[in-house]
Structure formats: structure tokens, C-alpha cells
Amino acid sequence: RRGLQTAAAPASRIPTFAFAFDIDGVLVRSSDALPRAHKALSYLQSQHIPWILLTNGGGSHESARVAELSSKLNVPIDTSMFVQSHTPFADMDHLKDKTVMVVGGEADKCRAVAEAYGFKTVVTPGDILVAHPDIWPFSQQLLPYYKTFTRPLPAPIDPASPSTSLRIDAVFVYNDPRDWGLDSQVIKDVLLSHRGILGTLSRKNGNAALDNRGYQQDGQPPLYFSNPDLLWAAKYHLPRLGQGGFREAFEGIWTAITGGEAHGVKLQKTVLGKPHQPTYEFAEKRLISHRRNLLQCHGGTLANLQRVYMVGDNPASDIAGGNNYKSPHGIDWASILVQTGVYVEGTVPAHQPRNTVGDVWDAVTWAAAQEK
Ligand code: G3P
Ligand code: MG
């Protein structure tokens, strides 16, 4: 296991503290590693202090992202130390034999991830646009681009009416949509269809007492978002809109069209990712098993993990998540906010961290000093 081979003296004991590092704004800014990221991670590895990466990012398979980060950060990392936004989708076995629509990411990369997770029938909004160009009039100029990677739609349920016989059983937003217009239109079409059958419209049975918009939800497919981030730290010096920006825009469209919750048509959605409890539970499980692997690799004794330092740049995801997480193992999650990403030095963060420091190396040295 490449990630576990580090030089340095054999571990007499694996420390009872560990780290969870956010990626964008802590270790990298888009494709550039931050100055002291390598120093921080390689120090921890030389001391056999366990750490994992916990990101709301995504868009490629865990193995590909880990290989890219290992080379960019110049430290050995393996998938046992890595949790990204859509990693939990890999466990959703009950939907793997269904027809799912995967939204977001570059070209066809997220479909490849979903298929690697075991999803057998994956459709994308690009496939739908190429099959039914009129579904979204404003992306016609992108058809040549889409045709380089899209696939024919699955066989129609009713060959006699191909344009209204593709049934979508679930919608997943894997990564930031690149065509907000097409993706919003197609997700709306699916969610307001009759039982997920594209091209149909589910209307209330003419009951005048109900809202005059006439929409209802009868057996709509579930909608999963992988990342709540409204903003994130890319290469540009100011934060950029993230997948949460797309979700907020879509919710605006949904409410304008259906009346939303006030009219009994609440958008049924599941949002995963930091700061939500399930993502932290998933990450803690991953960290505990990675720590056990370290023991196998280096020998020594393994007392229970007592504290995890959550190092992040975004108060709304990393700090809120670290502060609010309730560990089933009684592990204390201590949040540390760095000033190399979304958070602006000198402002009051919306969620108060255990400590605020300059960068990731400051976070590691401060945390190690707490454990002396
Ligand atoms: O899309 C990535 C962005 O939402 C933030 O990623 O690594 O800061 O959780 P990260
Ligand atoms: Mg970040």
C-alpha cells in the first residue's frame, strides 16, 4: 500500500490524534499546490501521524484523483486516505440496476465514475440533448462538443413513443455542472414528469382547490447533490460559485415554477458533503481503518483515536462540519481554519474554529503542540 510506506523510525505507537485535511484552499488552489502543503503532509508521514483528505470536490474516480494529488503534493497517498464528494454514492447498491441520470463534471468523466462504482445504466443531460435537441434550445451551438462523448439513450420502454419513454429512476449531481441551463432544464423535466418518464408532465388531477400551477409530485425520482458549497477557493483570488450555487439557482427555478414548499411541492433532495453528519461519519470510518493499516505496516501499539484535527478553509463546510459532528466513537473533532482559501483574514467566520492559523503547516504545528 503505497500510502503507508514512509521512511523514519518504526512507530512505537501510533498517536491517538489524526488529521482530516480539506483540499481546495488548504493544500491546493485548482492545479497549484500551496507552498507548505508538502512540508505539512510529509512531516506527518515521518511521524506516523495518520491523516486523510476530505474534500467536497470530485469529478474523477478516487484512484485518478489520488494519483494526481500524490504527484502534485509529492507525498504518497492512496484511496484508503481519501474521501471526495461523490464517494458515498458508491455504496448506493439499491440503485445500481436502475436507470440513473448523472449530472456535472467534465465531458463524460462522471459517467465513467458512476460506472466504476457499479451503476449499470447511466444517462447524462448531454445524451438527452443529442437525442432530443429541442429539449433545450440554447445549447445547440454545443451539440458538436456533446457529440464527441455522449451515448445513445437506453432502448425506449415503448418503441411506439420513443420521445416519452425514457424513465429516470434517480438523479445524481456528481460535480459542478458545466451547462447550468441544460442541466437545470432536464432535471426539472425529470422531477416534474410522471414517475420519471422524460417528456411527460405530472399534473394534479384538476383539483381546483389546489395551486393553480397544477403540479404535483407522484413518484418523482430521488435527487442527490454531492456538494453543498456555495463558494470555493479556485485559482482566482476571490471565491467562485460551487455546486451549492447551482443548487440554489435550481431551487429558485423550482419554486418559481411549482410554488415550492408553500404550495406543497417541496423539492425532495438529499445533499451530501461537508458539513453534513453522514459525510463526517464516512470520513471517520475511513480514518479509523487507515490508522489500523498504519499499525499493520509499521507495528507498534494502537490506543483508540481520541482527536481529529479538521483543517479547512471554508467556515460553512469544514469548520461547521468539524464543530457539529457527533462522533459515534466519542472522538473529539477540533476544527482549524486556515487563511489560504475562502475565509478572509480579519473577518469573523460564520462558524468559530478551535483555532485560526495562516496555512496548513501552521495548523499541523499548532495541533502537534496541543498533543505534547
Ligand atoms: O468543488 C470543490 C469545492 O466545492 C471545494 O472543495 O476541497 O475545499 O472541499 P474542498
Ligand atoms: Mg476548501
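A short reminder: the numbers here are calculations on the coordinates, not readings from a lab. Nothing here was measured: the structure is a model prediction, and the numbers come from that model. Don't worry about glycine lacking a Cβ; one is built from the backbone with ideal geometry, like all the others, and counts go over all protein chains shown.
Observations on the structure shown:
- Given R0 = 45 Å, the distance between the Cβ atoms of Gln352 and Asn304 translates into a calculated FRET efficiency of 0.95.
- Charge sum, other residues only, whose C-beta stays under 14 Å from Gly57's C-beta, Lys/Arg counted +1 and Asp/Glu -1: -2
- 21 Å Cα-Cα threshold exceeded, pairs from Lys72/Lys326; Lys147/Lys269; Lys188/Lys269; Lys109/Lys285: Lys72/Lys326; Lys147/Lys269; Lys109/Lys285
- Taking N as the residue count of region 1-144, its C-alpha radius of gyration divided by 2.2 N^0.38 Å amounts to 1.32.
- By other beta-carbon atoms within 10 Å, ranking Met101, Met92 with the fewest at the front produces Met92, Met101.
- Long-range HN-HN contacts of Val28 with modeled amide H, under 5 Å: Leu34
- Farthest positive-ward along the chain dipole, Cα basis, beta-carbon charges - from Ile336, Val308, Ile128: Val308
- Lys, Arg +1 and Asp, Glu -1 on Cβ, resulting dipole of the chain about Cα centre, debye, nearest 20: 620 debye
- Region 273-329, Cα convex hull volume normalised per residue, Å³: 84 Å³
- Three semi-axes of the equivalent ellipsoid, the chain, Cα gyration tensor, whole Å, largest first: 42, 22, 19
- Arranged from fewest to most other beta-carbon atoms within 10 Å of their beta carbon, Tyr145, Tyr236 become Tyr236, Tyr145.
- Straight-line cross-link reach from Lys96 at under 17 Å between alpha-carbon atoms covers these aspartates and glutamates, not counting any fewer than eight positions away in the same chain: Glu115, Asp169.
- Whole-Hz couplings from phi, Karplus 6.51/-1.76/1.60, listed for region 155-164; x for Gly and Pro: 3, x, 4, 10, x, 6, 9, x, 7, 10
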